[in-house]
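Below is one structure, written out as structure tokens; comments come after it.
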Amino acid sequence: MGKGMSWEMTITIIIAVLLILVAVYAGMFYVRKSTLNLAQSLEDQVQELLGDGLGAQVEELRELNLTGESLENYERIAQRYREVVNGKFPDIQMLIEEVRASLPKYHLIAARQNLKAAQDSFLEAKEVYQGVLDSVNAMQGKMEQHRQKKANLKQRYKDIRKILLTKNFSFGPAMPKLEELFAEINKEFTNYGDLMEQGDYGQADQSLQELENQTASIDKLLEVIPPLYRNLHNVFPEQLKEIKAGYLQLKKDGYNFLSEIDQEVGKLETKVQEEKQFLTDLQVTEAQDTDKTIRESIEDLYKQIETEYAARHKVEKRKSKWGEFIRHAEKQEKQLLLDLDRIGQHYELTHDEVERARDLDTKLHIIRKNYTQALTEIEMETAVYSRLENQQNDDFDALKQIEEEQGKIHADISALVVDEKKAWDGLAGFQGEIHEIKRQTMSKHLPGYPQSYYEKLDYIENLVNALMEEMNHVKIDMSVITTQMLETENEMRTFQKERREMYQAAVMAENLIQYGNRYRDRYPHVKEASQRATELFTRDFEYVQAVDVMAEALEKVEPGLFERIATKYLSKEEATELMKRDKAK
């Protein structure tokens, strides 16, 4: 049995070993195959780069006979290209061959090392190769750019030449300098062409920049100069001539101006000559500034002429109304001063009416003086109508304000007469009211009146007498009288209200005392209240207090009694008023 187990174990071990050998062989086969594929792929990439035509491009550049900086740049590019193609790529190919030679012998480690070295070398070579390609493309692009710009500049050169030949009349005194500038462009264009023919594109870049600057400069001049020269040659002379002729004619017709326009025209004619010299020297910025100054000055001269022409029409149209307005205001001012003098003899003027009126009179004197001066200037034909128009406008505004203020002052003093009449009517009313109060005091069937009643009546009568005394002054102050009127009115209204309450209370007290007699024997507090209320009623004449004493006592015995008696013995309004007072208490 031991021998049988040993045999089976031996078989198992043999099978395991065989499986391991198969696995190892399969792994080695896979590594060999993948390494071979990677080597082939790397070789294909090298061949792809060698066949992309970069060598032909480098050769084309060599055949261009480059010089100067361009030649130096080309040589650097060619050297780097040769280093890659003749150096790095062959080395890579040798490493690839070594990989292939190692694989049949299953020298896998050596093969993988050589493959890694070849791949690293290829990455470096590819980077250099790409740099060469970029440089070649850049050189070719620059050369193409130069060819295109040369073509464009050549066309622009022809256009400029055509403009200078066919439109030389548009540039006036600037033409000689423009021709000199064009000659410099022609010279630089020839130099640029020579540098390109020589293959020195580095120097050609500088020449191209200069050429583009010169072309841009003359383009701007060709655009700016014609309108400036047109102004100098046609527009400005005609405008200045028209302004001067119009000015002289208007002077003959009696117009005057704030400035001597003929002298201003002379100054502008000198400015025109200055601008021509700027154009002659191609000082375009200075010419444009001068042109703007001339244009604005001419516009101002036109405006002055138009202003004076229109102003004369307005002034003459409103001249009669001007005088009428002044005369009307003066007439009102004269009447206002007379009214103030008359009113001031009887009334105290407390709102500066006299000072305000005198201030208006002073302003009218100034306006009259200016108006008279204006008429003199018009008659003597020395008037500057724009100035007179402004004066007219200012005077019309001032006269409107003067008349408004005259109206306010007149309204104030007129109100004094009305207020005095109202005061006399009010005084008469107060006197009649006092007389009626005294009559009623004598005729009312009351036991008597408290001392405070007579004191208050005397106080009000004194107020009325003081008001009469104030109003009988030769010169009265309505502000003082108005204050006294209001005080007297308030005191009178308060006193009348207290009188009504006193009469109402007397009626109520008498009836409450009588009603309380039915309870005085049964309720001691009613008896005591009745005795106290009777004293207040018959001895002290304090009727309101008597009502309060009796109402408080009876309400405890018969709630609601006070309201019933008030409703029975007083009018509806009196009862309501008395109950409100009682509730408030």
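The table for this structure:
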{"read-out": "Residue order for L337, L536 - accessible surface, 1.4 angstrom probe, largest first", "value": "L337, L536"}
{"read-out": "Amide hydrogen neighbours beyond the local backbone of Y347, cut-off 5 Å, H modeled", "value": "I476"}
{"read-out": "Lysine-lysine proximity count for the stretch 444-583, Cα under 22 Å, sequence distance 8 or more or distinct chains", "value": "17"}
{"read-out": "FRET E, pair R327, V384, Förster distance 41 Å, beta-carbon r, rounded to 0.05", "value": "0.95"}
{"read-out": "Charge tally in the Cβ shell below 12 Å around E238, where Lys, Arg are +1 and Asp, Glu are -1, E238 excluded", "value": "+2"}
{"read-out": "Modelled FRET efficiency - R0 35 Å, R161 with Q283, Cβ distances, 0.05 increments", "value": "0.90"}
{"read-out": "Mean-position separation - Cα centroids, the stretch 359-421 and the stretch 223-249, in angstrom", "value": "46"}
{"read-out": "Percent carbon-and-sulfur accessible area, the stretch 332-407, ignoring ligands, DNA and RNA, probe 1.4 Å", "value": "47"}
{"read-out": "Sparse-neighbourhood loop sites, trypsin sites (Lys or Arg not before Pro) in the stretch 457-514 - DSSP loop, at most 12 other Cβ within 10 angstrom", "value": "K475"}
{"read-out": "Relative contact order computed over the stretch 311-423 (Cα-Cα under 8 Å; 6+ residues apart), in percent", "value": "47"}
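The values are calculated or read from the model by the stated rules, or taken from the named source; none is laboratory data. Since the structure is predicted, the reported quantities are computational estimates derived from the model, not experimental observations. A quick note on method: Cβ atoms are made from the backbone with ideal geometry, for glycine too, and the neighbour counts reach across all protein chains shown. Accessible surface areas use protein heavy atoms only, side chains included; no ligands, DNA or RNA. Shrake-Rupley method; radii C 1.70, N 1.55, O 1.52, S 1.80 Å.
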